[in-house]
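Peer 1: Let me begin by handing over the structure; questions about it come next.
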Ligand code: MLT
């Protein structure tokens with residue numbers, strides 16, 4: 001008889017954003033005329049920039065010609081894209097990252113979920129609390145955690161690092177030493193950022209303890225402050241302890257196209273083994289590369305015109321972030337984030353439970369956000385709003401929340 005992976009039975013309910021989508025559907029079934037404003041999932045709303053669309057069309061046309069048709073993409077990505085990433089995202093910022101150290105994929109979510117496969121099950125993971133649910137759930141599925149403890153709202157065997165207003169939503173070094181440390185900055189969900197000195201402390205800690213940092217930098221394009229690092233490799237020694245994951249979704253509107261990449265420095269070793277060949281082996285076995293037209297579209301992001309157009313989109317979303325942040329602040333809400341990140345983290349009024357506040361906002365204002373407790377126990381009494389809506393939706397949603 002076929003047996004299932006029992007670890008899946010430890011998972012709590014459905015994936016956070018699927019649960020929210022279900023709640024919206026149920027509400028809409030009962031209120032067919034409701035005009036719901038969505039600031040929940042961080043999905044982009046602006047059309048892909050013209051320069052990127054031009055490259056996409058051209059690549060599609062190439063696929064229809066005998067002379068320029070392409071079959072399987074190289075497993076690790078086309079050199080034309082890996083070279084631009086290495087040069088513009090890393091070398092231009094003083095990071096010693098070469099094109100061969102970049103693995104192109106069909107998105108950061110897959111990489112965040114899959115990267116744990118190259119590590120042993122005995123590794124202890126540390127995550128921020130609150131946290132993007134994929135890090136924990138993928139480790140639960142793999143069997144690297146114990147059971148879920150409903151009283152604590154945590155999985156046993158995981159080190160949760162509280163991110164609170166007191167520590168500026170930046171975790172303190174944990175008391176118990178982890179083997180794998182997930183960090184995401186600019187942070188999803190709190191919108192907090194880490195200074196170079198703070199990040200350097202984490203790198204030094206990881207080097208000292210032979211731990212590996214899995215650094216999710218999906219939102220780096222939203223950093224406005226020139227002193228905030230965009231990459232962990234801006235810190236000394238990070239090539240010896242860190243893997244970095246990045247996305248084109250939030251940078252260039254690729255949530256529907258799918259493209260991302262992971263950086264594994266060749267010198268990164270743990271337990272005497274280099275990690276680069278393991279991830280390369282996994283790619284070779286389980287993946288056939290991101291589509292050629294999509295990789296060409298990704299390369300267009302790095303052209304002068306592509307960069308300009310993408311920067312304008314980011315500025316558009318950051319203006320939304322400002323509208324949300326200022327609008328709520330001026331009505332007395334306690335808010336943070338939204339300055340170097342597209343997420344605004346607000347305290348629920350009167351210590352309201354996050355899901356209660358979600359329901360209230362949906363029913364009374366027809367506005368959707370994301371309950372903070374969905375990201376972990378320290379997210380309770382918080383609520384996340386996304387700046388990825390269009391301007392009109394964002395302005396109206398803020399007005400509706402203010403008039404509650
Ligand atoms: C979010 O809303 O947290 C993100 O859109 C989820 C994701 O990027 O997968």
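What follows draws every value from the coordinates through simple rules; no lab data is involved. Every value quoted in this text rests on a predicted model; they were computed, and no experiment measured them. Every residue, glycine among them, receives a Cβ derived from its backbone with ideal geometry; neighbour counts consider all protein chains shown.
Peer 1: Would you mind checking the range 135-169 for residues with the amide N under 17 Å from a putative spin-label position 7 Å along Cα→C-beta of residue 177?
Peer 2: 159
Peer 1: With springs connecting C-alpha atoms under 10 Å apart, model the chain as a Gaussian network and identify which of 390, 167, 353 has the largest mean-square fluctuation.
Peer 2: The residue with the greatest mean-square fluctuation here is 167.
Peer 1: Further question: Mean-square fluctuation check for the chain, GNM, Cα pairs under 10 Å: which of 41, 24, 102 is largest?
Peer 2: Looking only at 41, 24, 102, the biggest GNM fluctuation is shown by 24.
Peer 1: Shifting gears a bit: Between the range 172-211 and the range 23-63, what's the alpha-carbon centroid distance in Å?
Peer 2: 33 Å
Peer 1: Turning to a different aspect of this structure: Arranged from highest to lowest average of other beta-carbon atoms within 10 Å per residue, in what order do the peptides 45-53, 294-302 appear?
Peer 2: Output ranking for 45-53, 294-302: 294-302, 45-53.
Peer 1: Give me the distance between the Cα centres of the range 84-152 and the range 298-371, rounded to whole Å.
Peer 2: 24 Å
Peer 1: Taking the mean number of other Cβ atoms within 10 Å as a proxy for protection, how do you rank 124-131, 376-383 from highest to lowest?
Peer 2: Values: 124-131: 24.1, 376-383: 21.8.
Top to bottom by mean Cβ count within 10 Å: 124-131, 376-383.
Peer 1: Where is the GNM fluctuation largest for the chain (alpha-carbon springs, 10 angstrom cutoff): 149, 106, 236?
Peer 2: 149
Peer 1: How much length is gained if the chain between residue 165 and residue 93 is pulled fully straight, taking 0.36 nm per residue apart and subtracting their Cα-Cα distance, in nm to one decimal?
Peer 2: Answer, rounded to one decimal: 22.9 nm.
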